[in-house]
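This report refers to the structure that appears directly beneath it.
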Protein chains: 2
Amino acid sequence: MTSRTSLAAKAPEERRRRILAAAVEVLKEKGFAGARIADIAAMAGTSPALVVYHFKTLDGALAEALGSVEDDFYTDLAQALPPKAGAVERLRVIGELGCDTGPAVGNWSLWMEVWVRALRDGQARALRRALDARWRQTLRECIDAGVAEGSFRCADAQATAVRLAALMDGLAVQVALRDPEVPEDRMTDLWLESAAAELDIPLRQLIKTKRRPPAKRP
Amino acid sequence: MTSRTSLAAKAPEERRRRILAAAVEVLKEKGFAGARIADIAAMAGTSPALVVYHFKTLDGALAEALGSVEDDFYTDLAQALPPKAGAVERLRVIGELGCDTGPAVGNWSLWMEVWVRALRDGQARALRRALDARWRQTLRECIDAGVAEGSFRCADAQATAVRLAALMDGLAVQVALRDPEVPEDRMTDLWLESAAAELDIPLRQLIKTKRRPPAKRP
DNA sequence: CCCCACGCTGAACGATGAATCAGGATTCGT
DNA sequence: ACGAATCCTGATTCATCGTTCAGCGTGGGG
């Protein structure tokens, strides 16, 4: 049993990961409703039967795919936030990170899919809850730090964190749906302006760095 | 041809409306992905074939159902907003109206469904765009009125309208997903607090009326 | 060297559900 | 009253997938 994991036996595991990645991709492209086993197989360059072989069922594959995205989220979050930085700087990073400039644009569509699925599916609901709690806590810690160091003024840190997180969700919807009123490149500023108002800090401190280089993803 | 609309001929039309209402109900319960012709028929108390007879196809039925919800939205909006009222009062009404206290709680799930569908379907995207534009404009007019009468102070009315609308969407997601951090009855206050901050008005003016009578829908 | 567990596949199965169809009933114009 | 159009229905057709299955190759352990 242990022999399999020895040398060239990485191939099967590798294949499995490929399928998982393909599942994530399909999920982003077609959503939960439109994702077919055949799509995943095609995207991974294998046969539909193999997908079922590795993950017992389609729902299983999608669920595990979602889990991998969750892991990525935590990883990205941990490595993107400079632990040694002023609260204002941290807030700016949080803003940019959340406003799709960080990971991929298509990620927000995926979250929206998760929301809708969470309306009926308990597992999806739990996933989203965990993700959101983590995100809110990040925000919350940043706010507390800012208040402690005197950069922010805020009556109710928790309520502010909830509102700023919700605002980000709401703005993301507009961006994902390509609302002309909320072009992708304005989202960050829009959010930071609200943050500035909520936290009673002058905007100039947040927007100091202007536009950043082109895109990150093809 | 005109004769059909004369007297007792209302029955067919009535039946059709019933099916439409049933479609809306099913859409709220199961979402786009889960809505079956059989469900709609059962909910309306007729046969699946009749659904197809009136609306050529399932998608057609769902689309028309969505249209009827759109109409309801406009109607509700028009009749709920007192044209003769101060901007502050109007803002409060808007907050309560948008925060699901007005129509039905389940409506927000429906909007979320529409968002996700709009990711891929042009018609849904157009619908949402129209709805959202209308809502934002309502907000915008209220803000402008408030600024004109000196109740509000606001640097960029349009950006503020966009943000407040987005915040409402975001909060609605939390409520629809029953996030413990955003209980249904806190949503309105949460939103009004942000509005107060954005528009530079003392909270007291907005929250004067405390809790309102129970629910409106079963 | 053999064999067997694992990885993998194409083909077949079965369920689900949208849409069609061939009529029955009802209503309406004349 | 008598067609004819409109409504309506049960049964059927047809396509789409998820899942199962029987078997093929292969590489590592006895």
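The values are calculated or read from the model by the stated rules, or taken from the named source; none is laboratory data. No experiment lies behind these values; they were computed from the predicted model shown. We place every Cβ from the backbone using ideal geometry, glycine too, and count neighbours over all the protein chains shown. Ligands, DNA and RNA are excluded from the accessible area calculation, which covers all protein heavy atoms including side chains. Shrake-Rupley method; radii C 1.70, N 1.55, O 1.52, S 1.80 Å.
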Just in the range B:130-199: which trypsin sites (Lys or Arg not before Pro) are loop by DSSP and have at most 12 other Cβ atoms within 10 Å? B:Arg153
With eigenvalues of the C-alpha gyration tensor scaled by 5 and rooted, the range A:1-67, Å: 23, 11, 10
Ignore the peptide's own chain and count Cβ atoms of other chains within 10 Å of each Cβ in B:132-141; give me the average, rounded. 1
Stokes-Einstein diffusion coefficient for the protein assembly as shown at 10 °C in a medium of 1.306 mPa s, Rh from the Kirkwood formula over Cα pairs: what value in µm²/s? 67 µm²/s
Using a Förster distance of 41 angstrom, determine the FRET efficiency expected from the C-beta separation of B:Ala85 and B:Glu13, and round it to 0.05. 0.65
Please compute the average number of Cβ atoms from other chains found within 10 Å of each residue's Cβ in peptide A:111-119. 6
Once you place label points 7 Å from the Cα toward the Cβ at B:Ala63 and A:Arg204, how far apart are they in nm? 5.4 nm
Using each residue's phi in the range A:28-41, evaluate 6.51 cos²θ - 1.76 cosθ + 1.60 at θ = phi - 60° and report the 3J(HN,Hα) Karplus result to the nearest Hz, with x for Gly and Pro. 5, 6, 10, x, 4, 5, x, 6, 10, 4, 4, 4, 4, 4
Non-local amide H neighbours of A:Ser47 (under 5 Å, H modeled in plane, Pro and chain starts lacking H): which ones? none
Could you give me the ³J(HN,Hα) list for the range B:66-82, computed from phi with Karplus coefficients 6.51, -1.76, 1.60 and θ = phi - 60°, whole Hz, x at Gly and Pro? 4, x, 5, 5, 4, 4, 4, 4, 4, 4, 4, 4, 5, 7, 8, 8, x
For chain B, which whole percent of the accessible surface, found with a 1.4 angstrom probe, sits on carbon and sulfur atoms? 54 percent
Would the range B:7-111 count as rounded, prolate or oblate if I go by the C-alpha gyration tensor, calling it rounded below 1.5 in a/c and otherwise prolate when a/b exceeds b/c, oblate otherwise? prolate
Kirkwood hydrodynamic radius for the range B:81-218: how many Å is it when counted over pairs of different Cα atoms? 15.7 Å
Summed buried accessible area for A+B [probe radius 1.4 Å, Å², rounded to 100]: 3400 Å²
Helix-only mean residue ellipticity at 222 nm for the protein assembly as shown, each DSSP H run of n ≥ 4 adding -39500 (n - 2.57), per residue, nearest 500: -23000 deg cm²/dmol
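Show me the three semi-axes of the equivalent ellipsoid for the range B:77-151, from the C-alpha gyration tensor (sqrt of 5 times each eigenvalue), largest first, rounded to whole Å. List each step's numbers first, then the result.
Values: eigenvalues 149, 42, 15 Å².
Value: 27, 15, 9 Å, ordered largest first.
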The range A:145-159 - phi-based ³J(HN,Hα) in whole Hz, Karplus 6.51/-1.76/1.60, Gly and Pro as x: 4, x, 5, 4, 7, x, 7, 10, 10, 7, 6, 9, 4, 5, 4
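Per residue of B:171-178, count partner chain C-beta atoms within 10 Å of its C-beta, then hand back the mean as an integer.
Per residue, the number of nearby Cβ atoms from other chains is 6 on average.
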Which entries in A:Lys28/B:Lys56; A:Lys28/A:Lys56; A:Lys30/B:Lys56 show an alpha-carbon gap greater than 23 Å? A:Lys28/B:Lys56; A:Lys30/B:Lys56
Tell me the per residue accessible area of the protein assembly as shown using a 1.4 Å probe; a whole number in Å² is fine. 50 Å²
